[in-house]
1. Gly407 - would you say it is among the small types (Gly, Ala, Ser), open to solvent by 10 Å² or more (accessible area, probe 1.4 Å) and under 30 Å from Ala28 (Cβ atoms)?
2. Within segment 306-362, take every residue that is within 14 Å of the ligand (Cβ to nearest atom) and among the polar types (S, T, N, Q) and give me the one that is surrounded by the most Cβ atoms within 10 Å (Cβ to Cβ).
3. Check whether at least one residue in segment 443-459 is away from the ligand (no atom under 16 Å from the Cβ), modelled with pLDDT of 95 or more and not aromatic (Phe, Trp, Tyr), and report yes or no.
4. Could you pull out every one of the helices (runs of 4 or more DSSP H) wholly within segment 238-329 that has 3 or more residues that are closer than 21 Å to Ile222 by Cβ, modelled with pLDDT of 80 or more and over 21 Å from the mean Cα position of the chain (by Cα)?
5. Can you pull out the helices (runs of 4 or more DSSP H) entirely within segment 97-181 that have at least 1 residues that are away from the ligand (no atom under 16 Å from the Cβ)?
6. Counting only residues that are open to solvent by 70 Å² or more (accessible area, probe 1.4 Å), among the aliphatic types (A, V, I, L, M) and touching a Phe, Trp or Tyr at 6+ places or on another chain (Cβ under 8 Å), how many does segment 410-449 have?
7. Residues being open to solvent by 80 Å² or more (accessible area, probe 1.4 Å) and not in a loop (DSSP other than H, G, I, E, B): count how many of those fall in segment 381-399.
8. Filter segment 189-236 for residues that are at positive phi and within 15 Å of the ligand (Cβ to nearest atom) and give the result.
Amino acid sequence: MLTTAIFTFVALYLVVRAVLKYLSGLRAVNNVPGYRCAFSTTSLPGMILPTSLGKFWCNPGPDFLVLLRHSVYTTHDVISVVPYLVGAPEIYVPSVEVMRQVSGYSPQFDKELDSPFDYVFGSNIVTAPRAPWKRHRRALNPAFSQKLYEMVWTETITTFQDMVATEGWGQQDSTPTIIMNDITTKFALAVVSSCAFGLKFPWAEPPKSADGTMTLQESLVISTRDAAVRAFAPRWVYRLPIKYLRDIELAFNTIFAFVRSQIAARRGDVQGKKDMCGLIVEANDEDHVNPKAKLSDDEVVGNVLVSLIAGHETTGKALTAIIALLGLYQDEQEKAHSEIMSVLHDGREATLDDVDSFTHLQHCIMEGMRLFPPLDVLIREATEDVCLRIPSRIPGQKELEVAIKKGTIVSVDIVGIHYNPRYFPDPEVYNPSRWRDITDPDQFVAFGYGPRACAGRKFAMVETVCFLVLLLRDWKIEIVLEKGETPEEWRKRVLVAKVDTITLGVRPAPIRLVRRK
Ligand code: HEM
């Protein structure tokens with residue numbers, strides 16, 4: 001009897017709580033239409049559970065914007081997600097104008113004040129809200145210097161040569177089928193490890209976990225993909241005999257052991273190298289010269305870890321999409337090749353000073369990142385009640401004013417902006433030359449906007465340009481079709497965007513390199 005009464009009371013309490021949460025969520029987003037579901041997309045369960053938009057069970061999850069980009073915004077300029085169980089109410093907008101309002105310098109918006117990734121990785125430059133972020137940024141800013149970009153250029157060449165030699169492509173006229181995703185992520189990790197941490201990463205022998213069962217790259221892939229599980233699951237679950245959970249435990253142990261060993265080595269290094277890792281460790285010194293840039297022990301670990309993650313997953317995924325598109329659109333590849341040969345007409349090697357001369361190549365890169373931006377949203381939280389001014393998708397219509405409440409998450413939808421026909425006519429078409437006529441630099445949102453824009457933008461661009469110059473100068477990229485498959489069918493099979501908790505990329509992309517005569 002008593003048990004039934006307690007059960008009924010608890011059930012009633014939960015239902016009332018859910019209804020109140022739901023109603024207050026609707027008020028917070030000013031009743032903007034959208035998805036009504038148990039979990040918000042930025043909550044841990046919302047991130048872990050797959051996207052499902054059924055009538056009886058709705059979880060927008062990580063993929064809904066990619067899946068619905070053709071339908072959602074054809075009828076709405078803004079949508080909301082209102083959860084009744086876990087998470088804050090959310091607004092999504094595919095608008096450059098709103099991005100300026102939300103991701104600019106306004107104190108009305110900040111990064112999420114309680115990011116789940118802070119629990120997993122430690123407070124860091126990427127996820128920290130404004131106040132601690134200033135310290136993080138001061139500590140890391142000096143690392144992003146001309147010296148770093150020179151190192152990125154040199155390391156990209158060295159790693160490229162190591163890759164070609166180790167893979168045995170040097171002696172061949174044509175390579176076997178390559179799954180580009182595997183190559184590019186490993187490549188980007190090798191470059192960032194070397195430039196940011198001074199850790200050489202031989203192509204044949206990538207660093208492994210202490211027991212030799214997991215490479216550093218595998219542990220980073222799992223740590224990023226399953227960060228939400230790590231934040232959500234209690235520690236005891238990792239003792240269960242479930243391979244998936246055991247792998248997560250091993251991945252996190254490997255990555256934390258690696259990062260701590262790098263930090264310890266730097267502390268013992270009296271010369272103190274001024275690369276990214278050296279600067280982060282220095283900012284933790286007892287007698288650090290600038291107290292406004294001092295970092296705690298956990299912040300040191302957090303920053304080293306996210307620099308590794310931010311510096312390789314994104315670049316690797318962007319490179320795969322760009323290479324796959326160049327393989328599919330041979331005319332654009334030939335234009336990029338001709339440009340490279342004309343810049344290097346006297347047969348010399350390219351240098352960092354040449355980067356700006358590869359205009360068409362840069363447009364191919366931007367167009368690839370427009371179609372497949374490695375980060376699909378800029379997530380901010382309203383720090384006070386605020387009115388969003390949202391332009392209409394219909395020419396001549398008045399802008400919409402949406403009053404949202406403090407605590408609402410406002411996500412600037414990068415995919416939505418990059419596929420918005422107001423900014424990019426025929427947005428589905430791969431057309432690198434469109435960038436010749438685009439005068440507003442804010443329309444390219446792949447690296448974010450405002451004070452929190454990507455600190456590694458130049459790092460990534462230098463690496464990507466250098467990689468593609470080396471590749472396209474000597475090799476022709478060809479897509480590998482299945483038996484009876486047409487290039488259009490290959491496009492539909494491979495060039496499909498998928499979000500892996502944090503980053504967006506294409507499906508496994510089979511290509512072949514054919515040596516240019
Ligand atoms: C194609 C490659 C890359 C893409 C598309 C990319 C994209 C982005 C975006 C969109 C943001 C802003 C997130 C926000 O506003 O919420 C960001 C921030 C950041 N990125 Fe990147 N990134 C790339 C490569 C890199 C690299 C190579 C590094 C470092 C080596 C890096 C380091 C950072 C850092 C430190 C931040 C945080 C900046 C701050 O809040 O002050 N990124 N990135």
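1. In short, yes.
2. Once the filter is applied, the top-ranked residue is Thr320.
3. The answer is no, given that none of the residues of segment 443-459 is away from the ligand (no atom under 16 Å from the Cβ), modelled with pLDDT of 95 or more and not aromatic (Phe, Trp, Tyr).
4. Result: 243-267.
5. 116-121, 146-167
6. Of the residues in that region, 0 qualify.
7. Total meeting the criteria: 1.
8. Matches in segment 189-236: Gly198 only.
The values are calculated or read from the model by the stated rules, or taken from the named source; none is laboratory data. Being a predicted model, the structure only gives us computed values, none of them experimental. Ideal geometry is used to build each Cβ from the backbone, glycine not excepted, and the neighbour counts take in all protein chains shown. Accessible surface areas use protein heavy atoms only, side chains included; no ligands, DNA or RNA. Shrake-Rupley method; radii C 1.70, N 1.55, O 1.52, S 1.80 Å.
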